[in-house]
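Notes for the one structure printed next.
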Amino acid sequence: MIRSSVRLTWDRALQYRCLGGSGFDVSVLSFGTATFGGVGPFYGKLGSTSRAEARRLIDVCIDHGITTFDTADSYSDGLAEAFLGEAIVTRRSSVRVSHKIAVSSDAQVQGMSFRKSIVTSLERSLSNMGTDYVDLLQLHVQYPPGLIEDALRAFDDLLSAGKARAVGCSNLSGWFLLKSQMQAERMGLPRYCSHQVCYSLLHRDFEWELRDVAIDQELGVLAWSPLGWGRLTGHVRRDRPPVGDTRAHNAPGTGPPCDPARLFDLVDVLADVARAIDKTVPQVALNWLLSRPAITSAIIGARTERQLVENIGAVGWSLPADCLAALDSASTTPKAYPRWLQDQLAA
């Protein structure tokens, strides 16, 4: 049984990585707070971590070297960011807060422009967290392209006021991200330094286009759902359906879609690799992800202290080449057009 009283030793070369052009480092594992609070029809199914439990999990993170925490104003109607703020209030300067805000694209939201709505939303979150700034500010999802300038000017306002240290994006299409970067450069406004994306052994869509954009634009990449929406924990198997207090059981049909047959085949290989190198299935899945090009940090989540410490054990070692090859082969999917054609022509 893994016990949090046993401190793990991390390789310093792997523990922190620079977040794109932000000017600061983040831990290679970030801790996501989507399970904090348990409020609402959706987030209530993801988890119901209490205020005291949240504080304990954050204590364990910091004790083991995780200093980057990811939250959003939509998580449990703001309760998650409040729990986070309370837990880090006495050590704010030693941690990084990656924050996402959800702003309607309606320019008349409560009588405010889109630009003003972004500023007001972050100010509300800062008050809720009890802090003066966030380290990384992102809009949670893509918005209409006609509002790119409004968003960039809002980011400029917030950076100038010291309410954000850097700005990134989340869940954008490649064309939209590049359009935003070009417009920012043309107008002398802040460029994105990072992109938060869905990426795991089970969901490798990021590799077909967005990875190239991240490398070209020198973006840090934060990977959400690195365990495939909880499907790569080893608890869901061909002969073992989701049970108990798990995301796969409580919120079926949510998250990124996957083919069950491919999932089970992949988990079989993960389990074989884990046994061969004396690691656990989630540790292998996370370690694979952290070895991929462009990845800066994987955003892990945990309901319990034991789960958290197990996930932290994914850092400080490297998968052997034959294991990497087996995982790549088991997780490969047909490439989307035009990538498959480009590869054929380049062969």
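List pairs: first residue in the stretch 1-30 and at negative phi and in a loop (DSSP other than H, G, I, E, B), second residue of a type in the set (S, T, N, Q) and modelled with pLDDT of 50 or more anywhere in the structure, Cβ distance under 8 angstrom, at least six positions apart or on different chains.
Short answer, once both residue conditions are applied: L19/S194; L19/T296; L19/S297; S22/S194; V28/Q15; V28/T296; V28/S297.
If you check T68 against the conditions, is it closer than 23 Å to Q138 by Cα and polar (S, T, N, Q)?
On the way: closer than 23 Å to Q138 by Cα: yes; polar (S, T, N, Q): yes.
For T68, the condition - closer than 23 Å to Q138 by Cα and polar (S, T, N, Q) - is met.
Report yes if V141 is within 23 Å of the chain's Cα centre (by Cα) and surrounded by fewer than 16 Cβ atoms within 10 Å (Cβ to Cβ), otherwise no. Reasoning before the result, please.
On the way: within 23 Å of the chain's Cα centre (by Cα): yes; surrounded by fewer than 16 Cβ atoms within 10 Å (Cβ to Cβ): yes.
Spelling it out, V141 is indeed within 23 Å of the chain's Cα centre (by Cα) and surrounded by fewer than 16 Cβ atoms within 10 Å (Cβ to Cβ).
Answer with yes or no whether V28 is at pLDDT 95 or above, closer than 22 Å to T296 by Cβ and of a type in the set (V, I, T). Reasoning before the result, please.
Working: at pLDDT 95 or above: yes; closer than 22 Å to T296 by Cβ: yes; of a type in the set (V, I, T): yes.
It is true that V28 is at pLDDT 95 or above, closer than 22 Å to T296 by Cβ and of a type in the set (V, I, T).
Restricting to the stretch 65-92, count the residues that are within 18 Å of R165 (Cβ to Cβ) and polar (S, T, N, Q).
3
From the set of residues in the stretch 24-57 that are under 20 Å from S74 (Cβ atoms), touching a strand residue (DSSP E or B) at 6+ places or on another chain (Cβ under 6 Å) and of a type in the set (G, A, S), which is surrounded by the most Cβ atoms within 10 Å (Cβ to Cβ)?
The qualifying residue surrounded by the most Cβ atoms within 10 Å (Cβ to Cβ) is S30.
This table checks each residue for (1) without any contact (Cβ under 8 Å) to a residue 12 or more places away in the chain; (2) closer than 24 Å to K335 by Cβ; (3) buried (at least 16 other Cβ atoms within 10 Å of the Cβ).
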| position | (1), (2), (3) |
| --- | --- |
| A164 | no, no, yes |
| V167 | no, no, yes |
| S173 | no, yes, no |
| Q181 | no, no, yes |
| A184 | no, no, yes |
| M187 | no, no, no |
| S194 | no, no, yes |
| L202 | no, yes, yes |
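Does the stretch 120-137 contain at least one residue that is part of a strand (DSSP E or B), under 22 Å from I215 (Cβ atoms) and of a type in the set (A, V, I, L, M, F, W, C)?
Residues of the stretch 120-137 that are part of a strand (DSSP E or B), as a first pass: 134-137.
Still in the running and under 22 Å from I215 (Cβ atoms): 136.
From the residues that got through so far, the ones that are of a type in the set (A, V, I, L, M, F, W, C) too are 136.
Scanning the stretch 120-137, I find at least one residue that is part of a strand (DSSP E or B), under 22 Å from I215 (Cβ atoms) and of a type in the set (A, V, I, L, M, F, W, C), so the answer is yes.
The values are calculated or read from the model by the stated rules, or taken from the named source; none is laboratory data. Treat the numbers as computed from the prediction; the structure is a model and nothing was measured. Here the Cβ is made from the backbone with ideal geometry for all residues, glycine too, and neighbour counts use every protein chain on show.
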